[in-house]
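Before any comments, here is the structure.
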Amino acid sequence: MQDEKEFIDQLLHPKTQNQAFEKLIKDFQRPLYSHIRSIVLNHDDANDVLQNVFIKVYVSVLYFTTMEF
């Protein structure tokens with residue numbers, strides 16, 4: 001994965017946010033699914049949990065883009 005600060009900047013910038021989030025999903029979907037599947041035995045339930053994780057990440061990124069530092 002690229003430099004973390006650069007990646008976070010891309011996630012926080014409205015013009016690059018969608019592409020960065022797609023990369024985040026691409027890079028972490030399989031390892032997260034494997035981890036979740038080791039806890040949740042049902043495939044459909046594991047996919048639901050994985051989807052909820054990415055939704056929470058996306059909402060959190062949107063929250064941080066509206067914060068002033």
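The values are calculated or read from the model by the stated rules, or taken from the named source; none is laboratory data. Nothing here was measured: the structure is a model prediction, and the numbers come from that model. SASA here: full protein model, heavy atoms, side chains in, ligands and nucleic acids out. Shrake-Rupley method; radii C 1.70, N 1.55, O 1.52, S 1.80 Å.
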Share of Cα-Cα pairs in the chain beyond 21 Å, whole percent, is 32
From most to least accessible, 1.4 Å probe, no ligand or DNA/RNA atoms counted, His35, His13 line up as His35, His13
